[in-house]
Amino acid sequence: MLAGAIAWFAGRPDFSAPIWAAGTAVILASLLTEIAISLGKREFGLDLIAALAMGGALLLGEYLTGSIVALMFTGGQALEDFAQRRAQRELTALIDRAPRAAVRYVDGLMEEVPVGVLTPGNRILVRAGEVVPVDGIVKDGAALVDESTLTGEALPVRRRSGEPVLSGTTNAGDGFDMVASATAADSTYAAIARLVEKAKAAKAPMVRLADRYALLFLAATLLLAGAAWASSGDAVRALAVLVVATPCPLILAVPVAIISGVSRCASKGVLVKGGGALERMAHVTTVVLDKTGTITDGRARLIEIKCRSDLDPLEVLRLAASLDQGSHHVIARALVAAARERGLKLSQPSGASEMAGAGVFGSVDGQKVAVGGWEFICTRIEETPFSREVSEWITRDGSLAVLVAKDKLMAGAFLLADEVRPEIGSVLRQLREAAARRIVLATGDRADVAESLASFLSIDAVAAELKPEEKTRLVEDEKKAAPVMMVGDGINDAPALAAADLGVAMGARGAAASSEAADVVILVDRLDRLVGAMRIARRSHRIALQSVFVGMGLSSAGMIAAALGYLAPVEGALLQEAIDVVAILNALRALGGPLPGWRRTARLSNAELLQLEEEHRALLDVLDEIRHTTERIQYLSELEVRAELAVLEDLLRQRLLPHERQDDEELYPKLRKHGSAPDALAGMSRTHMEIRRQVHNLASLRRALGQHGPSPQQRYEIQRLLHGLEAITRLHFAQEQEIYRLLEDD
């Protein structure tokens, strides 16, 4: 088009006409080929109008007109192709995670071979951190296996000699030997990969927004063009109608709005694989959520400490974490992380020795320490009333216990669990607000764990202990009633993600299989980003529709003017250009957020959010000390109670109360000043008052102690007050964190 324009302005129309004609002819030939292929598939779209306009321009010698139409058409296609390539280039393939080689024993020697040559009966070494290549049986020892990607169980599972292990799981402990029971092609991981491909093939293709209005608009266009030609006897009038009718607002404005939405999602850490996925996201009304790594964090975290009354719980944690520093066990890493969160200074252990999947023993600061499970620890300690108490305390569903022995006596125990994400409450509420009428929890985990979650979450239905094919059937059943969005992160979720109308993968720590099968990948470990993406999708879809109706309305007016002879084909093409500009400028609004209302809404930058969350983490040791003091009160002597309460009160006044006061005097006023409500944080300030009141009551109780210490009734009152103080403070921190995330600046 540019070359023809240069020739025309140079006074050589004899050059410009064939240049424009050649360019139009190339695009027309390509378009006719695409239309023929589409008609063979019984697919039908507005591309036919563009083809008629270009063909008519060539036949009637309106070469500039044809070139303009060709430019608009190819521009829209280029935008769509660009979005598709950009969305997919970040992804990893399903095959990337599948192990390609394995270590096999041959005549007592080890050799690395391709997994494809493994046969049942082969003895294989699975090294630490490796993915199990084929299904098999543990041989001569024990294995610690992370099965979360297959079963949804967040905590590692210990498999003893003779027990099965599945391909696609990860060795979370030391290396172990196994005997293959199947080939790679017949193993669990390969079966899941086949399920993914089958589900993808069965998914119905998405009808583009631009094609939904094709039949009606094409019929109206051809009728009006035919009427103009018949009434005037001038074929140029029909061409003018076709040129003005060329659906550039659909061909250009819709991709611009949709791609703008895809771009905004990417800026929030949500990768949408093309405009089709964004359009489907705007229409889903049923949400199926996996548990591990989606509703829950997917990692074991320290939730409670029980300690001997004569020991400091944080010191016991420090000793255990110091010893665990050299272990690759996921639970050992969780203890080390918990100690560092509390600011504990770890020591270098000596003489450390680890029994795979069982525990570690060694020396820390000259003290003999052992850390591990009950079976590992009970053989290394003397039985005491405290050890018997601990053996009962650790029997809780949904958690894993780690015990610590010091100098052959039980020192304490830790409970670890896969905690619910802090943002899940607000995410579920916002999903409802974003038009999700039904929310289903689907997990491969145990039924009691799933029911426990559902008991306090706003979920409509629960399905537990599901195999990958059963998850897929669940999604298919839900699709019969409404469009379904499936959210998951493990290999076992991949078939269901592929089968859903819209599959969403938690890609920050999830399996490559789920990212490959999904239509949307959340690249940051934040489920609340999904709600933001859904809002962007709905807004982009609304803007695209506005562009369609405004653009096509203007085009319809232009078509009538062209049919009456007021517009020549070139004038119609220029008018269409102006209509395109209007439609595209409107579509570009999808790049930004909604315009603010007459009142500004308080926002926190990401840096401010991280700082506030870090302040809460820094106070974890204070909350732990409240709990530990509560437990120790019943064992301490009368004089020790007074000293213990004095230490706790000083800690609360020096650490906790200044934090709450700073929130009330600095943070909350800042948020109120720009907030959309007069005092939306009044409830939080009221909780600060209650925390201060409880600390004051603790001081009053301490001063009221008799000369010889607390009476039994006073001990009870102190414990009751401390239990309440801990509960209200932990709940308050959780509420603040949820509010802060809601206020995070887009």
Heavy-atom accessible area per residue, the stretch 620-699, 1.4 Å probe: how many Å²? 48 Å²
Measure of exposure for M110: accessible area at 1.4 Å probe, Å² rounded to 10, is 110 Å²
Would you be so kind as to identify which of A643, G490, A537 lies farthest towards the positive end of the dipole of the chain, taking Lys and Arg as +1 and Asp and Glu as -1 on Cβ and the Cα centre as origin? A537
Environment charge of R123, counting only residues whose C-beta is closer than 15 Å and scoring Lys/Arg +1, Asp/Glu -1: -3
Taking amide H positions as placed in the peptide plane 1.01 Å from N, state which residues far from R299 in sequence (5 or more) or on other chains have amide H under 5 Å from it. E419
Using only DSSP helix segments of four residues or longer, with each worth -39500 (n - 2.57), what per-residue ellipticity at 222 nm results for the chain after dividing by its residue count and rounding to 500? -16500 deg cm²/dmol
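Hand me the GluC sites (Glu not before Pro) from the stretch 379-413 located in a DSSP loop with no more than 15 other Cβ atoms within 10 Å, in residue order please. Walk me through the intermediate numbers first.
On the way: sites: E382, E383, E389, E392; in loops: E382, E383.
For GluC sites (Glu not before Pro) across the stretch 379-413 that sit outside H, G, I, E and B with at most 15 neighbouring Cβ atoms in 10 Å, the list reads E382, E383.
Could you give the accessible area per residue of the stretch 252-307, probe 1.4 Å, as a whole number in Å²?
20 Å²
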What accessible area per residue, rounded to a whole number of Å², is obtained for the stretch 338-474 using a probe radius of 1.4 Å? 47 Å²
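Looking at the chain, which longest stretch skips every one of the chymotrypsin sites (Phe, Trp or Tyr not before Pro) that is in a DSSP loop with at most 13 other Cβ atoms within 10 Å, leaving the sites themselves out?
Details: sites that count: F456, Y566, W598, Y635.
Counting only loop sites that pass the neighbour cut-off, the longest clear stretch is 1-455.
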Taking only Cα atoms, what is the 0 to 90° angle, nearest 10, from helix 254-267's long axis to the longest principal axis of the chain? 20 degrees
So what's the angle, to the nearest 10 degrees on a 0 to 90 scale, between helix 638-651 and the longest Cα principal axis of the chain? 30 degrees
Cα gyration tensor category, rounded, prolate or oblate, for the stretch 1-49 with a/c compared to 1.5: prolate
Apply the Karplus parameterisation 6.51 cos²θ - 1.76 cosθ + 1.60, with θ equal to phi minus 60°, to every residue of the stretch 297-311 and state each ³J(HN,Hα) to the nearest whole Hz, in sequence, with x for glycine and proline. 5, x, 9, 6, 10, 5, 10, 7, 10, 10, 9, 4, 4, 8, 10
Please enumerate, by chain and number, the lysines with C-alpha under 27 Å from the C-alpha of K345, excluding those fewer than 8 residues away in the same chain. K306, K368, K406, K408
In the calculated pair distance distribution of the stretch 619-688, what percentage of Cα-Cα distances lie above 19 Å? 50 percent
Over the chain, with every protein chain in place, what whole percent of the accessible area is carbon and sulfur at 1.4 Å, could you tell me? 57 percent
Sparsely packed trypsin sites (Lys or Arg not before Pro) within the stretch 444-503, loop by DSSP, other Cβ within 10 Å at most 11: K480
Given 0.36 nm per residue, what is the gain on full extension from E34 to A230 after removing their alpha carbon distance, in nm? 67.5 nm
Across 10 Å bins from 0, what is the distribution of all Cα-Cα pair distances for the chain, in whole percents? 3, 12, 17, 19, 17, 13, 9, 6, 4, 2, 0, 0
In degrees between 0 and 90, to the nearest 10, how far off the longest principal axis of the chain does helix 330-341 point, with axes built from Cα atoms? 80 degrees
With N set to the number of residues, divide the alpha-carbon radius of gyration of the stretch 255-396 by 2.2 N^0.38 Å and report two decimals. 1.60
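The values are calculated or read from the model by the stated rules, or taken from the named source; none is laboratory data. Everything numeric here is computed off the predicted structure, so don't read it as measured data. Because the Cβ atoms are built from the backbone with ideal geometry, glycine has one as well, and the counts that use them run over all protein chains shown. Heads up: the accessible areas ignore ligands, DNA and RNA and are worked out on the full protein's heavy atoms, side chains in. Shrake-Rupley method; radii C 1.70, N 1.55, O 1.52, S 1.80 Å.
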